[in-house]
Amino acid sequence: MRRVRGVAYFLSVLLVAVSVTAVFSGPDASAAQITARSLTLVGVTGVGGSMPGGNVNHKFTFTIPTLGTALGSVKFEYCTIATKDACVTPTGMDASIITGLSDTGSGVTGWTVQAGSTANTVIVRRAAASNPASGNLVIQLNNIKNTTDVNKTFFVRITTHSSLDGTGAIVDSGSVAASTANPIQLSGIMPESLIFCTGADITVNAGVPDCSTATSGVIEFNQLFSPQDTATAVSKMAASTNAFSGYAITVNGPTLASGSSSIPAMASGAADAPIARTRGISEFGMNLAANTVATSTTPVGAAVNPVPDGLNLRGQAASDYSVADQFKYSNGDIVAASDNGGLGPTNSQLYTVSYIVDVAGNLLAGTYSTTLTYICTPTF
């Protein structure tokens, strides 16, 4: 009977010992839990924050609940798991190359990096331990090498200490998680570009000429030819290019003719300069300007739209075709170019081409017509 009681007593003592060991297993069992904690991986020039193996900045934001105890240091441990088990350094992670830190918060400033950072541990400290005015901390560790594993989660254990070197009793503790991510690389090709169109009309949408709206190029003058008045017509064209030296637009084709009878081009002689129209003589001309007295009734034409600014919008009418109420026509002439502010690429602009015809009273009757071809030549 005595032997049985002795065995029972021994088992009772053993069970109590196991229970006590389980309750006091953690070194930070009395530490308060850090709250509102996060880790943001902050990219640097050319390197995204979550780039595997990237040297980036790690920004920690957290709130320490214990404000009545002097705060001297904070320890950051990079591990593959968040628990209290042994901290295994994530593959390729290197915190020892840290170059400094940035810190902000309410009354907690002046952190420096404790000498001797390792691949997985960084300790930041204050000049002297003191009670923080606020528990809201933001500490950014600059130049930490991420784990080289792709799409891999890693953890950082954060502990606060009254000591200045991250040793001794833990005041508050918590962990945060972050992950590397496979970078998404996008690429696209901008080829040599020339957008050019002509038509009776072209719509400007949201300030940009839209060549998809160009209408037919079959155009009639606004009235029958008469020595009493000037007949007018209008066509439009739009152009843009990324050519390094921009573009030049030429007009090509004969003057108006009906059989063997033709209407002379204006300023086609030696002077080759634009002139004002003269009623009662036969003449055909054009310009790319906003005319005010082109006809006896309604002004015709418009300036280039949007107006050139010498930078993103370089297109402008050639000098011989830019003077309001003066006209010219010469086969092969450059009528516009993207040379405002110097030859170069330009965004799209809309040109309005105004045509005028005056006739003498003895001009032979007939249907006078011509086909004009505009050629836009970019120089890449």
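No lab work stands behind these numbers, since they all come straight from the coordinates. Keep in mind that this is a model prediction, so the values were computed, not measured. All Cβ positions, glycine included, derive from the backbone under ideal geometry; neighbour counts span all protein chains shown.
Worth pointing out:
- Dividing the radius of gyration of the alpha carbons in the chain by their Kirkwood radius gives 1.47 for Rg/Rh.
- Spin-label model distance (nm) - Ala270 vs Thr215, 7 Å beyond Cα toward Cβ: 4.4 nm
- Per-selection Rg to Rh, the range 179-258 - Cα, Kirkwood hydrodynamic radius: 1.26
- Under 28 Å, Cα to Cα: Lys pairs in the chain, sequence gap 8 or more or different chains: 10
- Against the empirical 2.2 N^0.38 Å (N residues), the range 30-179 has a Cα radius of gyration ratio of 0.97.
- ³J(HN,Hα), Karplus 6.51/-1.76/1.60, whole Hz, each residue of the range 176-182, x for Gly, Pro: 10, 10, 8, 8, 6, 9, 4
- Temperature 25 °C, viscosity 0.890 mPa s: under these conditions the Stokes-Einstein estimate for the range 160-294, based on its Kirkwood radius over C-alpha pairs, is 112 µm² per second.
- Normalised per residue, the volume of the convex hull around the Cα set of the range 128-197 (Å³): 231 Å³
- Over the chain, dividing the summed -39,500 (n - 2.57) contributions of all DSSP H runs of at least 4 residues by the number of residues returns a 222 nm mean residue ellipticity of -2000 deg cm²/dmol.
- Using the Cβ-Cβ distance between Thr148 and Thr45 with R0 set to 25 Å, the FRET efficiency from 1/(1 + (r/R0)^6) comes to roughly 0.80.
- Translational diffusion coefficient of the range 194-378 (Stokes-Einstein, Kirkwood radius from Cα pairs, 37 °C, 0.692 mPa s): 197 µm²/s.
- DSSP beta bridges in the chain [antiparallel fraction, %, rounded to 5]: 95 percent
- Degrees, to the nearest 10: 2-23 long Cα axis against longest axis of the chain: 30 degrees
- Averaging the Cα positions of each part gives two centres, and for the range 77-91 and the range 168-230 these lie 50 Å apart.
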